[in-house]
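Student: The structure follows.
The values are calculated or read from the model by the stated rules, or taken from the named source; none is laboratory data. It should be emphasised that the depicted structure is a prediction, and the values quoted were computed from it without experimental measurement. Methodologically, a virtual Cβ is constructed for each residue, glycine included, from the backbone with ideal geometry; neighbour enumeration extends over all protein chains shown. Accessible surface is based on the protein model in full, side chains and every heavy atom, while ligands, DNA and RNA are left aside. Shrake-Rupley method; radii C 1.70, N 1.55, O 1.52, S 1.80 Å.
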Amino acid sequence: MTIKAILTDIEGAAGPASFLKDILLPYAREHLGAFIAAHAEDDDIEEALEEAGRLMGGFSLKPDEAEALLQRWMKQGRNPTPLKIIQGRIWQQGYEAGAFTAEIFPDVAPSLGAWKNAGIRLFTYSSSSELAQRLWLGSAGAEVFEGFFDTRVGQKLEEESYKAIAEQLAVPAAEILVLSGNEDELDAAKAAGLATALIAREGGGGGNHPVAADFASVTIG
């Protein structure tokens with residue numbers, strides 16, 4: 001089957017997961033309270049906070065309650081869409097202030113360019129918001145993607161999320177190759193009928209999915 005589209009994760013696959021863990025998440029935790037206080041009436045932030053309240057049973061959250069809830073979600077490693085939207089806006093401020101610059105692995109840009117030149121459509125799917133993905137990749141100089149999927153399409157461990165993406169792309173599932181360093185996510189993609197490849201930059205892996213050490217090692221069938 002010819003691959004028509006590639007759907008890649010960012011954290012751990014295209015860029016180091018340490019950038020998220022050691023730079024972005026601590027920055028979001030540090031600036032969360034002040035950001036909510038300053039931007040609670042922005043349309044997207046107001047909507048995100050309202051959705052956070054609905055997820056907690058329909059409550060209207062005060063700013064300090066919202067901060068406590070979002071901090072708890074981050075501590076628990078959860079990825080609800082309202083949190084991802086607010087994190088993305090906080091990180092946008094950080095990028096604009098020069099607080100950090102993202103990076104991608106050196107094999108990524110050449111591989112993406114080659115795939116694009118071969119006529120393969122390129123997309124991302126991350127638990128981070130679309131804005132956060134654009135900021136990471138744009139900061140790193142990887143601006144070759146046609147589209148960005150986040151938790152608004154569903155969680156990455158859910159088979160239905162990948163079916164929804166294939167439907168939106170209007171590409172047969174078997175002609176979409178998913179690249180990720182997370183085998184559980186790849187299991188969900190495979191269950192939905194998509195092709196998969198495990199990006200095992202630190203070695204290991206195997207079993208249910210073809211394994212590649214990096215993007216340059218991915219076999220496009």
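Student: Under a straight-distance cross-link criterion of Cα-Cα below 16 Å, which aspartates and glutamates are reachable from LYS190, leaving out those fewer than 8 residues away in the same chain?
Tutor: Correct list for LYS190: ASP9, GLU158, GLU159, GLU160, GLU167, GLU175.
Student: Oh, and also: For the chain, how big is Rg over Rh, using alpha carbon atoms and the Kirkwood form of Rh?
Tutor: Result for the chain is an Rg/Rh of 0.98.
Student: Please report, in debye to the nearest 20, how large the charge dipole of the chain is about its Cα centre when each Lys and Arg carries +1 at its beta carbon and each Asp and Glu carries -1 there. Intermediate results must be reported in sequence, preceding the final value.
Tutor: Working: 18 positive and 33 negative charges, 89 e Å.
In debye, rounded to 20, the chain gives about 420.
Student: What is the magnitude of the charge dipole of the stretch 62-145 about its Cα centre, with +1 placed on the Cβ of each Lys and Arg, -1 on the Cβ of each Asp and Glu, and no other charges, expressed in debye to the nearest 20?
Tutor: Using only the charged Cβ atoms, the result is roughly 260 debye.
Student: Would you mind checking which residues have amide H under 5 Å from VAL211's amide H? H placed 1.01 Å from N; only 5 or more apart, or other chain.
Tutor: LEU198
Student: Next question. What is the helix-to-structure angle for 108-117, meaning the angle in degrees between its Cα long axis and the longest Cα principal axis of the chain, kept from 0 to 90 and rounded to the nearest 10?
Tutor: Helix 108-117 and the main axis of the chain meet at about 60 degrees.
Student: Let me ask something additional. From the convex hull of the Cα coordinates of the stretch 1-96, what is the mean projected area in square nanometres?
Tutor: About 8.3 nm², averaged over all directions.
Student: Using the heavy atoms of the protein chains alone and a 1.4 angstrom probe, what is the accessible area of the chain per residue in square angstrom?
Tutor: Heavy-atom SASA per residue in the chain reads 48 Å².
Student: Which value, in Å² rounded to 10, gives the accessible area of TYR125 with a 1.4 Å probe and all protein chains present?
Tutor: 10 Å²
Student: Taking a spot 7 Å from the Cα of PHE59 along the direction of its beta carbon, which residues of the stretch 6-32 have an amide N less than 20 Å from it?
Tutor: 32
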